[in-house]
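What follows is a short report on a single structure.
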Amino acid sequence: MNPAVGYTAIVAVALASAVIGFYGLRVSRTTSDFYVASRTVRPWWNASAIGGEYLSAASFLGIAGLILLTGASALWFPIGYTAGYLMLLLFVAAPLRRSGAYTIPDFTEARLESLAARRVTSLLVIVVGWFYIVPQLQGAALTVRITTGLPAWAGSVAVAVIVAVVVAAGGMRSITFVQAFQFWLKLTALAVPVIALLLVVGGGDVAAELPPVAAFPPEAGPGDLEVYRTVSLMVALLFGTLGLPHVLVRFYTNPDGVAARRTTVIVLVLLSVFYLFPTAFGFLGRAFAPDLAAPGDADALILLLPDRLVPGLAGELLTALVIAGAFAAFLSTSSGLVVSLAGVISQDLLGGSVRGFRIAAVVSTVVPLAVALATESAGLAGSVGLVFAFTASTLCPMLVLGIWWRGLTARGAISGMLTGAALSGAAILGGGALGAAVPALRPFLEQPAAWTVPVAVLVTIVVSRLDRRGAPTGTEAYLRRLHVPERP
């Protein structure tokens, strides 16, 4: 691969993001601008920005790599990522917008009238955000190493610096413009190469080189489906989406609950279209790049395939477009996460000022950067899937029960969140060693959501029922505020 192609694509995306972010800075003047863009973001803009931050390294690079490795069984990832927004539409989007909160901890404190519950929620939001940023930085390291020949750490550092500067400068309003642009860049960066590759494969001599069953071997199809792993993965993806802090904070930027629901419907459409293209890349890779089907190499499929199938200048242009889209994915998701983390850290520790937000944005970037530089990627889609499992076991039960069950108490919410964090965290961090020692436990530790989520929900309900203090005195009024539609 020509390194000049990689340099040009990365610099172009970085400059475009900086210019758009600077435009947002010019209109970001108040604290509300920095936290929730003054709640004036319209559905199409917000949906594009959500697509920009949600479609991370796992979506852009990881899904194609998983399909290359495992075949049709990896299709559950795009299905789960998309269906999670249907859950958001049904259970969370409009009530959360009506809550009037700036952050998830704000919602927790207002709903449960408990500073302790707020602090636990804040801690979990920070942990989830940092865990989610790490794969983005590792994806950037992979992309820069492959496309430019620079050391891997250069990619992680570049993304961290750009994100910290843009977020600290303009806050939520600035990032909204940047992420909307980056979504459409990512969609174009996958759609154009896929269409070009399909035309080449279907109309040239390349098709003659395709073995009859290379793309769809029986062992990679539904016959190899592991029921528990599949069910647990879907639980993680469906319910984990409900607790992602960088996604939920987006609904605070809508003008009202109706706009929040409309935004979610648009996001469903955008995601459904987007995921067609990494899926196509994955199956093209099974046919024409089987040598990349190895852990650590598979995530590079989208970066390498265009140059293999399309020779000359056309192949280099397609590769440049893909690199630009990949870098946009790292920037947009990391930016959304840093905005949500900066809002929480600033409000809880730094007084909630604009200056505090900017300091928090830098801190929110530096910590995951250190982790990314010290660790190796274990597969982008798989890493993000574990973050979903942790989120589904911690923040999701508190949010859903807080919105829909008047009996939730602060002690119940805290107990459920801590139980879910302990169980899922232990499975994620220590499951490898225990699974090796006791092979029968390996599926339950590698995909823990199917049992950690029900246990967390059960603990939340039981402790709330046994709590003699009962629900907060303002519960009825607060729930009425969440569920009564706004007047036109």
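At a glance:
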read-out: Residue list for the stretch 403-423, restricted to those being more than 23 Å from the chain's Cα centre (by Cα), within 13 Å of THR108 (Cα to Cα) and assigned to a helix (DSSP H, G or I); value: ALA410, ARG411, GLY412, ALA413, ILE414
read-out: Unique match (being in a helix (DSSP H, G or I), open to solvent by 10 Å² or more (accessible area, probe 1.4 Å), modelled with pLDDT of 85 or more and of a type outside the set (Ser, Thr, Tyr)) among VAL269, VAL206, VAL200, VAL258; value: VAL269
read-out: Among the residues listed as VAL338, VAL367, VAL362, the single one being closer than 28 Å to TRP184 by Cα, open to solvent by 10 Å² or more (accessible area, probe 1.4 Å) and modelled with pLDDT of 85 or more; value: VAL362
read-out: Only listed residue being open to solvent by 20 Å² or more (accessible area, probe 1.4 Å) and in a helix (DSSP H, G or I), chosen from ALA160, ALA141, ALA110, ALA94; value: ALA110
read-out: Residue check for ILE323: within 17 Å of VAL200 (Cα to Cα) and either out of contact with any helix residue (DSSP H, G or I) (no Cβ under 8 Å at 6 or more places or on another chain) or crowded, with 24+ Cβ neighbours inside 10 Å (or both); value: no
read-out: Some residue of the stretch 392-400 being among the hydroxyl-bearing types (Ser, Thr, Tyr) and either assigned to a helix (DSSP H, G or I) or closer than 30 Å to ALA58 by Cβ (or both); value: yes
read-out: Output for the stretch 109-125, where each listed residue is touching a residue at least 40 places away in the same chain (Cβ under 8 Å) and more than 16 Å from SER393 (Cβ to Cβ); value: ALA110, ARG111, LEU112, GLU113, SER114, ALA116, ALA117, ARG118, ARG119, SER122
read-out: Any hit, the stretch 384-400, residues being open to solvent by 30 Å² or more (accessible area, probe 1.4 Å) and within 30 Å of PRO78 (Cβ to Cβ); value: yes
read-out: Pick from the stretch 97-106, criterion in a helix (DSSP H, G or I) and over 14 Å from LEU244 (Cβ atoms), ranking: farthest from the chain's Cα centre (by Cα); value: ARG98
read-out: One residue from PRO306, PRO295 being surrounded by fewer than 17 Cβ atoms within 10 Å (Cβ to Cβ) and either on the phi < 0 side of the Ramachandran plot or in a helix (DSSP H, G or I) (or both); value: PRO295
read-out: Residue among GLY356, GLY336, GLY352 that alone is closer than 21 Å to VAL127 by Cα and in a loop (DSSP other than H, G, I, E, B); value: GLY352
read-out: Residue, nearest to the chain's Cα centre (by Cα), within the stretch 260-289, restricted to residues that are β-branched (Val, Ile, Thr) and over 20 Å from ALA326 (Cα atoms); value: THR264
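The values are calculated or read from the model by the stated rules, or taken from the named source; none is laboratory data. Bear in mind the structure is a predicted one, so any value in this text is a computation, not a measurement. Don't worry about glycine lacking a Cβ; one is built from the backbone with ideal geometry, like all the others, and counts go over all protein chains shown. For the accessible areas, the whole protein counts, side chains as well, though only heavy atoms, and no ligand, DNA or RNA atoms are used. Shrake-Rupley method; radii C 1.70, N 1.55, O 1.52, S 1.80 Å.
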